[in-house]
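Let me begin by presenting the structure, written as structure tokens, before commenting on it.
Since every read-out is calculated from the coordinates, none of them should be taken as a lab result. Just so it is clear, the structure is predicted and the values come from calculations on it, not from any experiment. Cβ coordinates were reconstructed from backbone atoms using ideal geometry, including for glycine residues, and neighbour counts include every protein chain displayed.
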Ligand code: ADP
Ligand code: ZN
């Protein structure tokens, strides 16, 4: 069967080989195993059901929410010589009736429908008379409340179960790879979670880096100056910050445009145009900017402040290097930006989702503190398990030596235990550095044996060490309005001397600082 599939790929689509993941999915489908295919946009999901539709007996039904794209897709298939059609709200009742008649006569390999159709009993009755070997659910994250685009009509997909005597195979497809959404899709569409294929999230032309504890404005101006010939985007978390950065850059003589939801539409459009035509060299914006923008020569995306989660980050950073040329993605990290995001989460969302959003924010903070390959961190976050270190991100190219920090880590862990594992990061760092802060005194922490045990280090250094420990999973965070930290199982191993912890460049931090002109 797979040999046939390869032949069809060549004959109908003109491609010589499958992309990573396509073959595995097609194999699942042809063996009648329902499965979930997670690939980024442009990864090549459509072929995963279009090729099987040519090999299976009957008409493959494709459920897609994007009515505007249905006709294009069908036209493309028709041009390739594959009989396909669609039914959605743009058709008249008469056209729907005619199309369904043709479908029942077995005239089509593929039938695209909008999910709303499934809410109509008369449509389901008509579908009953069609042989359907495969149901492809495009944009499958729409079925999950945790997805960013929940559509109640997707829940009607389960009604298809009652329609056919012989159960069709289901193939769910999405570019949203977060574990909770994936689990939801599998549960609601009765797909075994093991039958999930995730690929293609790595973007080899992007170099990721995180800049910690530097003067952000100075960094920005120098970076832009160094990249004077290139265009880039700077994302900030709030409108106010966008205005401030924009002003700063204008004063520095940079051709900057700005974009956020607080600006009049005409102005926004003008700024967007200036950026698209390269008249402006830098776009300073909130996350309101970028949807549907296809500018291929963006050479860098800088996040002036931490984004709210890895999903948003990768989507925004991914606007760099669409043309495949080397491009940079930088996050400028400052711990107070975590507070800004916590505040925004607290403000904007329904209460139920807050813990989950805080959890995701922690993922973003972990990204900023990992010392492993950043590209690998990203693909792992999205569930892809393979991958070598990229060799070009800030961490892969960090040549500072590793040093043993087991002893310091044990000191921190033991202090967390002694404080009862119910306090936050800041006060723990204060206790470790021997602060006389009122809260420290009030709780009597000065009596702890770990009080001041790291007093030769600054509060900032100890906080940094603790962030590193969180990102390494040695400390865990109990999210809440006042997050607290506790020792994880991995952390317990370190306390028991069963694990050694290495960290890059810490031992020489001070030396670097004094050598810095
Ligand atoms: P997605 O649905 O994942 O966003 P598409 O299915 O639209 O992506 O595919 C994106 C592009 O990649 C299309 O132009 C498609 O023809 C092309 N493509 C898909 N599979 C292959 C392949 N095996 N070889 C070359 N090009 C491919
Ligand atoms: Zn790397």
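Overview of values
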read-out	value
On Cα atoms only, tilt of 406-418 relative to the major axis of the chain in degrees	90 degrees
Dimensions (Å) - the chain, Cα atoms, principal axes, largest first	83, 55, 42
Nearest-0.05 FRET efficiency for residue 498 and residue 90, computed from C-beta distance (R0 51 Å)	0.20
Two-decimal Rg/Rh across the range 76-216, once Rg and the Kirkwood Rh are taken from alpha-carbon atoms	1.10
Proxy reagent accessibility, fewest Cβ within 10 Å first, across 250, 354, 25	250, 354, 25
Relative packing of 93-99, 300-306, 491-497, which averages over residues the other C-beta atoms within 10 Å, highest first	300-306, 491-497, 93-99
Peptides ranked, highest mean first, by Cβ atoms within 10 Å: ranges 435-442, 472-479	472-479, 435-442
Cα radius of gyration and Dmax for the range 186-252 (Å)	19.8, 58
Residue 212/residue 401 FRET efficiency (R0 25 Å; Cβ-Cβ; nearest 0.05)	0.85
Förster radius 41 Å - calculated FRET efficiency between residue 183 and residue 98, Cβ distance, rounded to 0.05	0.50
Cα-based helix-to-principal-axis angle, 459-471 vs the chain, degrees rounded to 10	30 degrees
Whole-Å semi-axes of the range 393-469's equivalent ellipsoid (Cα gyration tensor)	26, 12, 11
Label-point separation, residue 436 to residue 79 (7 Å along Cα→Cβ), nm	7.7 nm
Value at 222 nm in deg cm²/dmol, rounded to 500, when DSSP H runs of n ≥ 4 in the chain each add -39,500 (n - 2.57)	-11500 deg cm²/dmol
In degrees, nearest ten, helix 354-369 long axis to first principal axis of the chain (Cα)	60 degrees
Gain in span if fully extended, residue 107 to residue 119, counting 0.36 nm per residue against the direct Cα distance	1.9 nm
Label-point separation, residue 323 to residue 69 (7 Å along Cα→Cβ), nm	2.5 nm
